[in-house]
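All remarks here apply to the structure that follows.
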Amino acid sequence: MRIEAGNHTAPINAIDMSADGRFLLTAGKDKTARLWDAKTGDLLKIFRVPIAGIDGGQLYAAALSPDGKLAAVGGYDANLLQNNDGGFVYLFDTATAQIVKRLGPMSQTVNDIAFSPDGSRIAVGLHLDQGVRVWTAPFYGAPAVDQDYSDAVSGLAFAPDNHLFVVTQDGLIRHYDQDMNGVARGPSEDQAALAGIAASEKAIAITYRDAPPRIHVIDRNSLRGLYAVDTSGLARHSLEAIAWSADGEILYGGGSNFIGDDDPFVLYAWDQRGQGKRRAIGQSWAQYTNVTANPNGGVAWATSDPAFGLLDPQGMTEERVIADMREKLGEKFTVSEGGEAVRFSFDYGGKEPWLFDGAKLTFSPSPTPPNGFHPADVTSLPINWEDTDAPMSGDARIPIGDWDRSHSLAISPNKKTFILGMNYTIAKYDVSGGQFWRHPVPGTTWGVNLSSDGLVVVAAHADGTIRWYDALYGEELLAFYVHTPSKRWIAWTPQGYYAASPGAEELIGWHVNGKSWSDTPKFYPASRFRDQFYRPDIIARVVALRSVDAAVKEANNMAGRKDGPVVPIDALLPASVTLLDVGEAIEAKTQEISVNYLLTSPTGRAVTRVEARIDDRPVSTRGAAEVDESLALDTPQSLTLDVPPRDVLLSIIAYIGDQPSVAAEIPIRWLGEKTVEKKPKLFAVLAGISEYNNKELNLGFAAKDAEDFAGALKAQEGLFYDTVDIETVVNSDATKSAIEAALVKLRKKATADDMVIVFLAGHGVTDASLDYYYLSADAEMEEVMLPATAVSGDVIRKSLAKVPGKVVLFMDTCRSGAGIEGLVDMSRAANDFGQEAAGLVMFASSQGREVSYERADWQNGAFTEALLSIIDDAKYYGEDGRLSIPELEEAVTTKVAELTEGRQNAGMTKYGAIPRFFIAAVK
């Protein structure tokens, strides 16, 4: 399983840009390369290579063709790791994200890649003594080879005249002409290990690997030094990453250099072709790993955070999406007695801590240290462990890997053993240095702790995860990841069982290699396997039982489920849709367009339906099967549809039964006649039940919530909406049949240009199969009667999936009363409603099994109280006087938490294809 958070989750090793500056390519140790819109920062494509083990598939190098149509990536190839029969550079079509060619085989890892400025050649620098390979367009056949090397290539660069320059770790520089003939070869001025090279029309710059930082500008023909770049006063580490500006007048440099222990890493610039005074132009709390010129001015940079961006007046920055786990030591990384709960912060060290409870499945701010939490014991034994590659236990050497370095320690309560966290592994030792077990880790273990009985290990890793291990045998039990910008979280076992907050199911998924090494791997979000693997009841038990198998058995017994074999993931894979004959976008001058596509089914199961969506709402098509028909596989097909006269996103989804594929998406750029934007119409259904047939279920303010929210929406008539049509059903009128009929009517009323809002307040329950039901006024609580007397989540979702226009669902159905607190899993319900097939935005009043609160002084539930105050307050609206869905999400989650002092946490889910839109206008 892999994390997919919309950005890199491990150090970015390479960055490059297209010649026109439109596209930016990044590649990293998380085994992905990514194509970005350099102006907006939008993620355009993800390029996935085959992976194997911990290291196979890590990317160390990447280059973008000058026209931006090809991406070349390489590193530690999984094929080389697994089969030892050669590694490859993978060429991707940037429009389709498909592998179109492999360059190789090569017997070592790839350290650097570059396209020539004319796009006719790709140069590849290899590790150890394997030298350089250069392929010529169209990149078929054998490459030109120079293997007369005695050490690894550390950098290569093409000059504007397509001459190639290469530096190596043994301090040599090489110059090749356009035909790969050697022009010059010689040692660097310091005859020391070189880290990088930058070539412009006017000068060649080289930088060194060791301290102190120094950069030399050399003559391109003799390779002799011309002058040294000003690095005076810089003493620590080096400036491994250098680049010339597009015009060759400015030299940029960054790396692992910093001034003092508490100072950031700095990105520098030197004017006058590197002869000017050094000036700091950027800083980061992680080292700069790569820089490249922005053709439109300035420089693109990448760091090990991971983060990247452009440094210029209009520069964009993509911030980290993982927690910074560095220095998770002492009180900055504490755990509960049983180890199920952990307190940590997203930032370096321990600022603004949060607490994840793996037993209660809650995640919330924790400004005050809770009782019963403890830091790791690092003093009871004489262990030398802090940031060293030679740790000692007293006088005994602790055996670690050749490239490992220890960073964290936890001594067991019996003082006889300890856990050591390192760069590549986590391990358990006795006091004499004897090893019990060693487990590979996904990133440096910056923090480690033990439960009070010493049976559970809790570790903080550089990939932004916290992981739990069985202290006796070293087996991984559980992983936890939080998306730092949104605070959405997901926890999962190695087998794939998971629990997730609303909207978090897309944060992890299954990477599946193709049938051959040249096939493009597929990525399937966890949500595609929700029915089998969404098991919060298992996740809540796994740490306490220290066994996934035991947690499965106990959870099944409690839920009345039968134990049985887990269906392998390969047998559950959904269908796949590939768009044919498209570039980066479809240009439309008429509203009727045709799209060609290809269907595949990895499992061989029949694909029964294909659905087209515009901005993730359904549209009518011609040529696509409707339902229950086995569609042709591996054969080009076509569908025709009408698109609105504006820029939109087209999504095509294939279904095997009710299981949706990952959507194939393509932007549509409208080139036809523009139309005047009109105010939308609003159609709304609001249900609130305070008085049930079963009096024990009665509530205080659910009906009033629906009526008050209806009033707030009606006030938007003539303001944001042209007209507002609301059907409100409360108390005894809110029967199963009445609610379902009201939902059906929406399909007849709304058009593609309208807004639809549904609001449900009252009680909800989740049955043993984790299916959600909204309790109508006439509902019966006996589980066997729920399908006949309550409104099922499946009915709600399928009804709204067929409604044209934009759809927003508000659910406040976790009220307390009649002893049914905790009987609804709102995270599961929210993710069900927010799934791709539903195509709607869903706001939930609470998460997991939290209770939704109502109070007499509010005269409403907390969720409705928050909504009403936000809609009525201009401070929550944008500068244009409109309230967007993201603005509403931020406001309502904050407001609900404030009203309930953190006991209730609202959430929002939506599928990524749904564009940003607005819901109200300020009065």
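Considering only residues that are under 36 Å from the mean Cα position of the chain (by Cα) and among the polar types (S, T, N, Q), look in segment 138-169 and name the one that is farthest from Ala293 (Cα to Cα).
Per the stated criteria, the residue is Gln169.
If we scan segment 115-122, do we find a residue that is of a type in the set (S, T, N, Q) and at pLDDT 95 or above?
Yes; the residues of segment 115-122 include at least one that is of a type in the set (S, T, N, Q) and at pLDDT 95 or above.
Does at least one position in segment 322-339 carry a residue that is at positive phi and acidic (Asp, Glu)?
yes
I'm trying to understand the selection: among the residues of segment 4-28, which are within 21 Å of the chain's Cα centre (by Cα) and among the hydroxyl-bearing types (Ser, Thr, Tyr)?
Within segment 4-28, Thr9, Thr26 qualify.
Considering (1) of a type in the set (Ser, Thr, Tyr); (2) buried (at least 23 other Cβ atoms within 10 Å of the Cβ); (3) more than 24 Å from Trp403 (Cα to Cα), say which one Thr484 fails and leave the rest.
(2)
Taking into account only those residues within segment 158-185 that are assigned to a strand (DSSP E or B) and touching a Ser or Thr at 6+ places or on another chain (Cβ under 7 Å), which is surrounded by the most Cβ atoms within 10 Å (Cβ to Cβ)?
Top of the filtered list is Val167.
Any idea which residue in segment 841-864 is farthest from the chain's Cα centre (by Cα), counting only those that are part of a strand (DSSP E or B) and farther than 15 Å from Arg828 by Cβ?
Arg855
Which condition number does Gly155 fail, the rest of (1) free of Cβ contacts under 8 Å to residues at least 40 places away in the same chain; (2) buried (at least 20 other Cβ atoms within 10 Å of the Cβ) being met?
Of everything listed in (1) free of Cβ contacts under 8 Å to residues at least 40 places away in the same chain; (2) buried (at least 20 other Cβ atoms within 10 Å of the Cβ), Gly155 misses just condition (1).
I'd like the residue in segment 835-885 that is more than 19 Å from Asp708 (Cα to Cα) and of a type in the set (Gly, Ala, Ser) and, out of all such residues, is surrounded by the fewest Cβ atoms within 10 Å (Cβ to Cβ).
Restricting to residues being more than 19 Å from Asp708 (Cα to Cα) and of a type in the set (Gly, Ala, Ser), the top hit is Gly878.
Has segment 892-904 got at least one residue that is of a type in the set (Gly, Ala, Ser), touching a helix residue (DSSP H, G or I) at 6+ places or on another chain (Cβ under 8 Å) and outside any helix (DSSP H, G or I)?
Within segment 892-904 (the criterion being of a type in the set (Gly, Ala, Ser), touching a helix residue (DSSP H, G or I) at 6+ places or on another chain (Cβ under 8 Å) and outside any helix (DSSP H, G or I)), the answer is no, since none of the residues qualifies.
When the residues of segment 520-569 are filtered to those that are of a type in the set (Lys, Arg) and closer than 24 Å to Ser452 by Cβ, which remaining residue is surrounded by the fewest Cβ atoms within 10 Å (Cβ to Cβ)?
If we take residues in segment 520-569 being of a type in the set (Lys, Arg) and closer than 24 Å to Ser452 by Cβ, then Arg546 is surrounded by the fewest Cβ atoms within 10 Å (Cβ to Cβ).
Does segment 869-885 hold any residues that are in contact (Cβ under 8 Å) with a residue 60 or more places away in the chain and touching a strand residue (DSSP E or B) at 6+ places or on another chain (Cβ under 7 Å), and which are they?
Once the filter is applied, which keeps residues that are in contact (Cβ under 8 Å) with a residue 60 or more places away in the chain and touching a strand residue (DSSP E or B) at 6+ places or on another chain (Cβ under 7 Å), segment 869-885 yields Ile871, Arg882, Ile885.
Go over the candidates Phe333, Phe356, Phe344 one by one and state the one that is out of contact with any Leu (no Cβ under 6 Å at 6 or more places or on another chain), within 18 Å of Gly454 (Cβ to Cβ) and surrounded by 15 or more Cβ atoms within 10 Å (Cβ to Cβ).
Step by step, each of Phe333, Phe356, Phe344 is checked, and only Phe333 is out of contact with any Leu (no Cβ under 6 Å at 6 or more places or on another chain), within 18 Å of Gly454 (Cβ to Cβ) and surrounded by 15 or more Cβ atoms within 10 Å (Cβ to Cβ).
Looking at segment 1-28, which of its residues are without any contact (Cβ under 8 Å) to a residue 60 or more places away in the chain and either surrounded by fewer than 24 Cβ atoms within 10 Å (Cβ to Cβ) or among the charged types (D, E, K, R) (or both)?
If the condition is that a residue be without any contact (Cβ under 8 Å) to a residue 60 or more places away in the chain and either surrounded by fewer than 24 Cβ atoms within 10 Å (Cβ to Cβ) or among the charged types (D, E, K, R) (or both), then Arg22 is the only one that fits.
Over 25 Å from Gln835 (Cα atoms), among the small types (Gly, Ala, Ser) and touching a Lys or Arg at 6+ places or on another chain (Cβ under 7 Å), is that true of Ala632?
It is false that Ala632 is over 25 Å from Gln835 (Cα atoms), among the small types (Gly, Ala, Ser) and touching a Lys or Arg at 6+ places or on another chain (Cβ under 7 Å).
Please enumerate the residues belonging to segment 120-148 that are in contact with a strand residue (DSSP E or B) (Cβ under 8 Å, 6 or more places away or on another chain) and under 18 Å from Arg209 (Cα atoms).
Correct list: Gly125, Leu126, His127.
How about segment 259-276: which of its residues are in a loop (DSSP other than H, G, I, E, B) and either modelled with pLDDT of 95 or more or within 24 Å of Ala323 (Cα to Cα) (or both)?
Gly260, Asp261, Asp262, Asp263, Pro264, Gln275, Gly276, listed by residue number.
So, in segment 302-325, exactly how many residues are surrounded by fewer than 19 Cβ atoms within 10 Å (Cβ to Cβ), in contact (Cβ under 8 Å) with a residue 24 or more places away in the chain and in a loop (DSSP other than H, G, I, E, B)?
Selection size over segment 302-325: 3.
When only residues in segment 51-73 that are assigned to a strand (DSSP E or B) and touching a Leu at 6+ places or on another chain (Cβ under 7 Å) count, which is farthest from Ser304 (Cα to Cα)?
It comes out as Leu70.
Taking into account only those residues within segment 743-759 that are touching a residue at least 12 places away in the same chain (Cβ under 8 Å) and out of contact with any helix residue (DSSP H, G or I) (no Cβ under 8 Å at 6 or more places or on another chain), which is surrounded by the fewest Cβ atoms within 10 Å (Cβ to Cβ)?
Only one residue tops the list, namely Thr751.
Please note which strands (runs of 3 or more DSSP E) are completely contained in segment 482-600 and include at least 3 residues that are farther than 30 Å from Gly358 by Cα.
576-580, 586-588, 592-600
From Trp437, Trp510, Trp517, Trp492, grab the single residue that is at pLDDT below 95, aromatic (Phe, Trp, Tyr) and at negative phi.
When all the criteria are applied, what remains is Trp517.
Select from segment 729-765 the residues that are in contact with a Gly (Cβ under 9 Å, 6 or more places away or on another chain) and of a type in the set (S, T, N, Q) and write down the one among them that is farthest from Thr789 (Cα to Cα).
The qualifying residue farthest from Thr789 (Cα to Cα) is Thr751.
Step by step: first the residues of segment 186-220, then only those that are small (Gly, Ala, Ser) and assigned to a strand (DSSP E or B), then the one that is nearest to Ala159 (Cα to Cα). Which residue is that?
Ala199
The values are calculated or read from the model by the stated rules, or taken from the named source; none is laboratory data. Keep in mind that this is a model prediction, so the values were computed, not measured. No Cβ is skipped: glycine too gets one built from the backbone with ideal geometry, and neighbour counts run over all protein chains shown.
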